[in-house]
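As structure tokens, the structure follows; a few thoughts come after it.
The values are calculated or read from the model by the stated rules, or taken from the named source; none is laboratory data. Since this is a predicted model, take the numbers as computed values, not measurements. Methodologically, a virtual Cβ is constructed for each residue, glycine included, from the backbone with ideal geometry; neighbour enumeration extends over all protein chains shown.
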Amino acid sequence: MGGGELKYVNEAFAENWIAPLGPNVNGLEADIQSYAGVKNAAALSSGTGAIHLALDILGVGEGDYVLVQSFTFCASVNPIEYLGAKPVFIDSEQDSWNMCPEVLEEALQHFEAEGKLYRVKAIIPVHLYGVPARMNEIMSLAEKYSIPVVEDAAESLGATLNGKHTGTFGEFGVYSFNGNKIITTSGGGALISNDSSKIQLARKLATQARDDAPHYQHSMIGYNYRMSNICAGIGRGQMEVLDERIQQRRANFERYLKIFQELGWEIEYQNERYGVFANRWLSAFYFNPDVFGSNFREELRLFLDSLNIESRPLWKPMHLQPVYDGCQYFGKRNNAERIFDFGLCLPSGSNLTLEEWERIEKALTEFSKR
């Protein structure tokens, strides 16, 4: 917490405005719009709900296809199934670990050749671990084939590409304020767009699609996805320290690079190229098996765990998940699988203490000697 959150929460209590909607919800939406440079934002109960609403508004339905990055968390994909559509998984490229534009084009050409391009209703790239995807190339393909883009920027709030915020390239952008994100509203998310009519529709759908009538009347199916005034108050306080949190996360990442350099480890990671500014939400690294051997990553993870230092493998690609067995996957290079097999996320919290850093560095040094 940054310290300013209680002011907004206390205001909500003083005004007896606790439930969804309220001044803090309006204020948080305005804060997001100002920060990201986008015209419209809807504060919601989760980033997953935001993706669901975006796809629903785009008309995704039974039998349709949505092309989505395979190397991601399941929340990027599950809303596709909510609507009866089918995810089609796209491999990552080596530099950013995000959706590969070349593989995306291969998939689009495949559906065009089969006469099924009309069933491809959306493209969902993910800005993984706070590193922007190659949006210029992805948007160029989306425009060429007339397919809308929903950016999953859940992990990348504050990250930019050539000065433009992630989430603002596509027709919709999605942010997450879940408890593990760079800032939090306890649980929550936001849907953003420069199309005001679509965000107005999103707000309506998120409040059970109630019609403008003196009684409860509903002409379409809606959802219960609006954020509470209390959670939005936490979010307003968190927005005040977002830039500080980004600096802390980036400092974590740079500290690891310095440690690795001192140990003589040739580590690979998501590169900041092509005008990229990453928020480095998590410090994630790739231990090339050709350099370190095939068991290095797992031995390091287990060694750290024995010292009560948590580390984690990276996201397991969606095309390898049992629940999505049988879905189409495009990716002859299998970069996503390789990064998953040999990648590791190290402690990344904004509140890491000097004592904890000393423990981490000592552990890595000891492991290196072994």
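The table that follows gives values for the structure above.
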read-out: Any pair with Cβ under 9 angstrom, 6 or more apart, that starts in the range 168-195 at a residue that is under 17 Å from GLU5 (Cα atoms) and ends at one that is of a type in the set (Asp, Glu) and crowded, with 20+ Cβ neighbours inside 10 Å; value: LYS181/GLU155; ILE182/GLU155
read-out: Candidates ASP212, ASP195, filtered to the one that is farther than 30 Å from ILE339 by Cα, of a type in the set (D, E, K, R) and loosely packed, with under 12 Cβ neighbours inside 10 Å; value: ASP212
read-out: Search result, residues across the range 63-119 that are of a type outside the set (D, E, K, R), outside any helix (DSSP H, G or I) and over 22 Å from the mean Cα position of the chain (by Cα); value: GLY63, GLY84, GLY115
read-out: Identity of the residue in the range 180-196, among the hydroxyl-bearing types (Ser, Thr, Tyr) and assigned to a loop (DSSP other than H, G, I, E, B), that ends up modelled with the lowest pLDDT; value: SER186
read-out: Out of ARG255, ARG280, ARG333, sole residue that is farther than 26 Å from PHE89 by Cβ and among the basic types (Lys, Arg); value: ARG255
read-out: Filter result (surrounded by 17 or more Cβ atoms within 10 Å (Cβ to Cβ), outside any helix (DSSP H, G or I) and either touching a residue at least 60 places away in the same chain (Cβ under 8 Å) or in the same structural domain as PRO79 (by TED's automatic domain parsing) (or both)) within the range 315-333; value: TRP315, PRO317, CYS327, TYR329, PHE330, GLY331
read-out: Counted residues, the range 41-60 - those being small (Gly, Ala, Ser), outside any helix (DSSP H, G or I) and either over 17 Å from the mean Cα position of the chain (by Cα) or crowded, with 24+ Cβ neighbours inside 10 Å (or both); value: 4
read-out: Identity of the residue in the range 137-167, in contact (Cβ under 8 Å) with a residue 40 or more places away in the chain and of a type in the set (S, T, N, Q), that ends up surrounded by the fewest Cβ atoms within 10 Å (Cβ to Cβ); value: ASN162
read-out: ASP95 among the acidic types (Asp, Glu) and surrounded by 21 or more Cβ atoms within 10 Å (Cβ to Cβ); value: no
read-out: Cβ-Cβ under 9 Å pairs, at least 6 apart or on other chains, the range 50-69 side at positive phi, far side in a strand (DSSP E or B); value: GLY59/LYS121; GLY63/LYS86
read-out: Check on GLU151, within 21 Å of ALA336 (Cβ to Cβ), outside any helix (DSSP H, G or I) and modelled with pLDDT of 95 or more; value: yes
read-out: Per-region count, the range 274-293, residues within 20 Å of GLY343 (Cα to Cα) and outside any strand (DSSP E or B); value: 12
read-out: Count of the range 1-39 residues which are of a type outside the set (A, V, I, L, M) and not in a helix (DSSP H, G or I); value: 10
read-out: From LEU307, LEU314, residue being out of contact with any Cys (no Cβ under 8 Å at 6 or more places or on another chain) and among the aliphatic types (A, V, I, L, M); value: LEU307
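Condition check ((1) in contact with a Leu (Cβ under 7 Å, 6 or more places away or on another chain); (2) modelled with pLDDT under 95) across all residues:
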position: ASP243; (1), (2): no, no
position: ILE246; (1), (2): no, no
position: ASN252; (1), (2): yes, no
position: LYS258; (1), (2): no, no
position: LEU263; (1), (2): yes, no
position: GLU268; (1), (2): no, no
position: ARG273; (1), (2): no, yes
position: ASN279; (1), (2): yes, no
position: ALA284; (1), (2): yes, no
